[in-house]
Protein chains: 2
Amino acid sequence: MTETTLPRELSAAELADAWWILSQDDRVQGFRLLAPDEAGEFFAGLGVKDQAELILALTPGERRVWLRTLAPDDAADLIQEAPEEARAELLALLDEPTRREVAALLAYAEDVAGGLMDPRFARLRAGMTVDEAIAYLRRQVREHVEFALLYYAYVLDDAQRLVGVLSFRELFAAPGDARVADVMHRDVVAVPEGMDQEAVARLFAEHDVIALPVVDEEGRMKGIVTVDDIVDVVEQEATEDFQKYGGMAALEEPYLRIGFRRMIRKRAGWLSALFLSEMLTASAMGRFEGEIARAVVLALFIPLIISSGGNSGSQASTLVIRAMALGEVRLRDWWRVARRELGAGLALGAILAAIGFLRIVLWQAFGVTDYGAHSLLLAAAVAASLVGVVLWGTLAGSMLPFLLRRVGLDPASASAPLVATLCDVTGIVIYFTVASVVLRGTLL
Amino acid sequence: MTETTLPRELSAAELADAWWILSQDDRVQGFRLLAPDEAGEFFAGLGVKDQAELILALTPGERRVWLRTLAPDDAADLIQEAPEEARAELLALLDEPTRREVAALLAYAEDVAGGLMDPRFARLRAGMTVDEAIAYLRRQVREHVEFALLYYAYVLDDAQRLVGVLSFRELFAAPGDARVADVMHRDVVAVPEGMDQEAVARLFAEHDVIALPVVDEEGRMKGIVTVDDIVDVVEQEATEDFQKYGGMAALEEPYLRIGFRRMIRKRAGWLSALFLSEMLTASAMGRFEGEIARAVVLALFIPLIISSGGNSGSQASTLVIRAMALGEVRLRDWWRVARRELGAGLALGAILAAIGFLRIVLWQAFGVTDYGAHSLLLAAAVAASLVGVVLWGTLAGSMLPFLLRRVGLDPASASAPLVATLCDVTGIVIYFTVASVVLRGTLL
């Protein structure tokens, strides 16, 4: 037994606060110290990884209690999170109808509509009167039939096909003897069960609803996705994109929780790949070693010039990746984006060129640095290179996400470091090519 | 009159599809071509900026119709979006009770709970019986009292203070003669009206609810925030963070919609600032001009070394920024993060150092490049510099977000380009310092 430093009385807020830094043992002990009603809410509020870890550390009796507090979709997520060998045992802890529902959900990939949905929705028949419908639903509630969300009622035909939807508000407001078929909405937005969760999130944003029905290929209703699950999806997708964009594999675990070695593996792969690509800069510069030896002053501006390409490229790729994630920009828009970024690259390049030109001329004029007899030509070479490098960076940064998506990869992999690396190598070639034209016969 | 290229019959989906590329005139015409029920849904689905632009381009009669279809919180958002001089006129188009509600909402900042909430919620008294409560709510629905969301009923005391909450499901399931006070939950999670929208989003994620009540300082209930608004908040905050992280001011408008000059202004500011900072690299290198002249081969590895600092720093800052946005890491965790990143920086630096060392030794051995007589010492200098630069990049990238938050700035401003720029200058100093120690008496 390890000695515990936890206080005897614990509130859910205190436990949540300390959660990230507690050991597995302390977590279990802390959880057991909670008042029963607090423990229920605390358990429901945990992330699915934490839920799985916690439940596997409890006794079988406790496991049954807490697993049964979960809705079928959440239970399915938890079981999916548990190691393969523990899954059957966890599934067996559920009561029979829930077990069947959870087993059906486990057949879906986690990140499609079918994996997000809850199969417990309120269903009606089109031929019922409104009075009958209300009485039917109230009876179900009284008989403890669980619904994921008692907000919409879905109208199904004999083949379980979705034919209409009705909010509770509308049901209440309609005359009691009206038929459900006459008051329901027939133009239902439904989600195919295989739809990717990002696309589902976009549907929610477009239609501003709090739940959407999920149907199979024959239009049979399988469950509902509720908007609170979509918040998690949106956060999770944004985190993945953000981490990929930062130049690494998505962590898939909270930063302070992931094991050190796992984290290093996630980061070292991309970092090494970038490093190997960046080695091309040494090769590229090697080809201009003669020029550098003749005019060392040229080397001074290399980091300035190549980083400008990387910075402008990272702006462009950020904009395009995020616009794609939000559905504002699609593959077929590539040409419109390219034209836009062509203009942006020229404008931004011109601004930086002007600053760079002034910098060299002024430093020379005020004697801060001595760039030699040909400082004006040097300034011109730097400025011209900047236009070229920024233009290239902007175009490369904006087009790379399209290219990645076209070949089926995640556009967010067009990361700031990747774009910067691309721009470094080409930046060196552009710079020395421009310099050798502008400075031929003078510095070179 | 401009000639229109729009077809006579138009579906909402077609209009939505073409929306981004239509002129203002074409949008108005397209909107008028929609069937009335489709137009309503289309209008509700537009972003608030588009809603404002569209409504201002319509006739006063049309304006009244469409403005009145909006919930008070959405109407307030739209009016906030309109130019100052148009606001009073728009407000006047609303009916009297809604106008008062909207005016109250306009007093809140857009990005706090008060600015997100809808004041139309279902309210009950604790002393009612369940039967009375249901009859009361049904009567309100029949009398066309609007509710933002008919899912929870909130129990208020005489001073309008929130004392309990009850879902409709619970109301239905309770015996008809029970008192509301006996079946309601008293431990209500309530949002202070001034709470920042990011914090509100975190509360939703923690508690997995579809609505939360908003209260003022005295605990008086002012409205509810619904989870569908939170999806928008989460997406909007992620977009802002992402764009800041890409090294620019947040666009605040869809990429394909924002005017070219506005976009250039948003991008040029940061780009110029980064460029000016990056000029320090030229100054830093200027101090080592002698070393470069003596050993041009040293210059070849500059981009490789400094970019490694930038890349590892961008990974670290990404991780910390995102973890902060999700509430996983707080200010007081800085020391734990620093220790973690110290280890990560050393590990990653060692990996890159090994690759870099091998590259130089192998290229020399197989005659790909000739680095001269001291290639082994050169390789050692590059490897040692890489450890230092990657360690520095990792620490700088992980601590900068803490520093920014500490002084009240957005941690997402610790952008990939900013971190890269920081690392470029220090990278050069580290590299040449290490090189001058290792290579003294041989190359230098």
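The values are calculated or read from the model by the stated rules, or taken from the named source; none is laboratory data. Not measured: the values here are computed from a predicted model. A quick note on method: Cβ atoms are made from the backbone with ideal geometry, for glycine too, and the neighbour counts reach across all protein chains shown. SASA here: full protein model, heavy atoms, side chains in, ligands and nucleic acids out. Shrake-Rupley method; radii C 1.70, N 1.55, O 1.52, S 1.80 Å.
Looking only at segment A:409-444, filter to residues that are part of a loop (DSSP other than H, G, I, E, B) and under 23 Å from the mean Cα position of the chain (by Cα); which one of those is nearest to B:Pro303 (Cα to Cα)? In this case the residue turns out to be A:Ser415.
In segment A:274-289, which residues are in contact with a Pro (Cβ under 9 Å, 6 or more places away or on another chain) and more than 7 Å from every other protein chain (Cβ to nearest Cβ)? Quick ask: steps written out before the conclusion?
Taking segment A:274-289 and keeping what is in contact with a Pro (Cβ under 9 Å, 6 or more places away or on another chain), we get A:274, A:278, A:281-282, A:284-285.
Scanning segment A:274-289 gives a single hit, A:Ala284.
The condition (being surrounded by fewer than 21 Cβ atoms within 10 Å (Cβ to Cβ) and hydrophobic (A, V, I, L, M, F, W, C)) is satisfied by just one residue among A:Ala238, A:Ala325, A:Ala293: A:Ala293. A count restricted to segment A:48-70 and to residues that are within 22 Å of A:Arg120 (Cα to Cα) and in contact with a helix residue (DSSP H, G or I) (Cβ under 9 Å, 6 or more places away or on another chain) stands at 7.
Exactly one residue out of A:Ala75, A:Ala57, A:Ala35, A:Ala39 is closer than 24 Å to A:Gln236 by Cβ and either open to solvent by less than 50 Å² (accessible area, probe 1.4 Å) or at pLDDT 80 or above (or both), and it is A:Ala75.
Is it true that some residue in segment A:381-394 is without any contact (Cβ under 8 Å) to a residue 12 or more places away in the chain and either farther than 14 Å from A:Gly349 by Cβ or open to solvent by 10 Å² or more (accessible area, probe 1.4 Å) (or both)?
Of the residues in segment A:381-394, the ones without any contact (Cβ under 8 Å) to a residue 12 or more places away in the chain are none.
No, because not a single residue in segment A:381-394 is without any contact (Cβ under 8 Å) to a residue 12 or more places away in the chain and either farther than 14 Å from A:Gly349 by Cβ or open to solvent by 10 Å² or more (accessible area, probe 1.4 Å) (or both).
Scanning segment B:329-369 for residues that are in a loop (DSSP other than H, G, I, E, B) and either touching a helix residue (DSSP H, G or I) at 6+ places or on another chain (Cβ under 7 Å) or within 19 Å of B:Cys423 (Cα to Cα) (or both) returns B:Val329, B:Thr369. Please list, ordered by first then second residue, the pairs with beta carbon atoms under 9 Å, 6 or more apart or interchain, first in segment B:324-340 and away from chain A (no Cβ under 11 Å), second in a helix (DSSP H, G or I) and open to solvent by less than 40 Å² (accessible area, probe 1.4 Å). Filtered contacts from segment B:324-340: B:Leu331/B:Met324; B:Leu331/B:Phe402; B:Trp334/B:Ser398; B:Trp334/B:Phe402; B:Ala338/B:Ser398; B:Ala338/B:Phe402. The set of residues in segment A:178-198 being away from chain B (no Cβ under 14 Å) and open to solvent by 30 Å² or more (accessible area, probe 1.4 Å) consists of A:Arg179, A:Asp182, A:Ala190, A:Pro192, A:Glu193, A:Gly194, A:Met195, A:Asp196. The single condition from (1) assigned to a helix (DSSP H, G or I); (2) within 7 Å of chain A (Cβ to nearest Cβ); (3) within 18 Å of the chain's Cα centre (by Cα) that B:Ile292 fails is (3). Count of segment A:269-289 residues, restricted to those that are open to solvent by less than 40 Å² (accessible area, probe 1.4 Å) and either among the acidic types (Asp, Glu) or under 31 Å from the mean Cα position of the chain (by Cα) (or both), is 6. Once segment A:295-316 is narrowed to residues that are more than 7 Å from chain B (Cβ to nearest Cβ) and within 30 Å of A:Gln236 (Cα to Cα), the residue that is farthest from the chain's Cα centre (by Cα) is A:Gly313. The residue pairs whose first member lies in segment B:103-115 and is open to solvent by 20 Å² or more (accessible area, probe 1.4 Å), whose second member is part of a helix (DSSP H, G or I) and among the acidic types (Asp, Glu), and whose beta carbons are closer than 8 Å, counting only pairs six or more residues apart or on different chains, are B:Glu110/B:Asp77. For segment A:177-194, residues that are small (Gly, Ala, Ser) and outside any loop (DSSP other than H, G, I, E, B) total 1. Scan segment A:146-177 for residues that are more than 10 Å from chain B (Cβ to nearest Cβ) and in contact (Cβ under 8 Å) with a residue 12 or more places away in the chain and the total you get is 17. Selection within segment B:81-102: residues that are outside any loop (DSSP other than H, G, I, E, B), open to solvent by 50 Å² or more (accessible area, probe 1.4 Å) and not charged (D, E, K, R). The member of this set that is farthest from B:Arg32 (Cα to Cα) is B:Pro97.
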